[in-house]
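Below is one structure; the comments refer to it alone.
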Amino acid sequence: MEDFRIETDAGLTYAIAVEEIDGYRPDLVRTLVDIDLQTFSESTFSHYTAAALLQNGRVFLLTADGRTIGTCVCLRTWDRPNEVSLLSMGIRPGWRGRGLGQRFVRGVLSKLQARGLRAVTLMVSCDNRRALTLYEEVGFESTETTITDPRTGEDFLVMRAQLETRPVSLIPE
């Protein structure tokens, strides 16, 4: 993904980039946990799982002038090694609502495609219309599989994006 710039309502301009993290970085453990807590109603990661994901998964950062404003965590699937599961994607409050989520996911998909990966799957709450729309707009399609959280009864839709059959466009369609 090419870097791009955004201007805020206050007239400030920021250079926005997607950075791929390759391996464990202690300074990012707290960042992953913080953005996760700011994004979801309950914690997805502990410090331990965040460190393990940095070491064994693939983490992408959305940065504004070098400051991390978003994270995306992916893991390869066991039964399909050319596919990854997008476990978590979040952007700090204050940066949302500017089209950054779409650009961030497109940047992640582009980087995964460049690594030769063929597909990305994710689960998203069936009630989260905003996220469903974002994922559909960047090329994810419903697999028509839902998974129900046994604690809450909340349904999650499994979505999939094929990377090998379509180029990833950085510009929204």
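Counting trypsin sites (Lys or Arg not before Pro) as exposed when in a DSSP loop with at most 14 other beta carbons within 10 Å, what is the longest stretch of the chain free of them?
1-114
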Practice task
Find the centroid of the Cα atoms in the range 18-94 and in the range 115-141, then give the distance between the two in whole Å.
Solution key: 16 Å
Handout entry: chymotrypsin sites (Phe, Trp or Tyr not before Pro) lying in DSSP loop within the range 81-173, provided at most 16 other Cβ fall within 10 Å
Key = none
Completion exercise
Across the alpha-carbon set of the range 72-145, Rg over Rh with Rh taken as the Kirkwood radius works out to 0.96
Problem - All-pairs alpha carbon distance profile, the range 4-119, 10 Å steps from 0, percent - result: 14, 45, 33, 7, 1
Fill in the blank from the handout: Env charge @ residue 35, Cβ radius under 13 Å, K,R +1 / D,E -1, value +2
Practice task
Between residue 4 and residue 80, with labels modelled 7 Å along Cα→Cβ, what's the label distance in nm to one decimal, could you check?
Solution key: 2.8 nm
Practice task
Calculate for the chain the 222 nm mean residue ellipticity that helices alone would give, adding -39,500 (n - 2.57) per DSSP H run of length 4 or more and normalising by residue count, nearest 500 deg cm²/dmol.
Solution key: -8500 deg cm²/dmol
Fill in the blank from the handout: One finds, for residue 63 and residue 145 with R0 = 45 angstrom and r their Cβ-Cβ distance, a FRET efficiency to the nearest 0.05 of 0.85
Fill in the blank from the handout: If the chain between residue 136 and residue 47 were fully extended at 0.36 nm per residue, the gain over the current Cα-Cα distance would be 28.9 nm
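We did not get these values from a lab; they are worked out from the coordinates using the rules stated. Keep in mind the model is a prediction, meaning the values are calculated, not measured. Note that we place each Cβ from the backbone using ideal geometry, even for glycine, and neighbour counts take in every protein chain shown.
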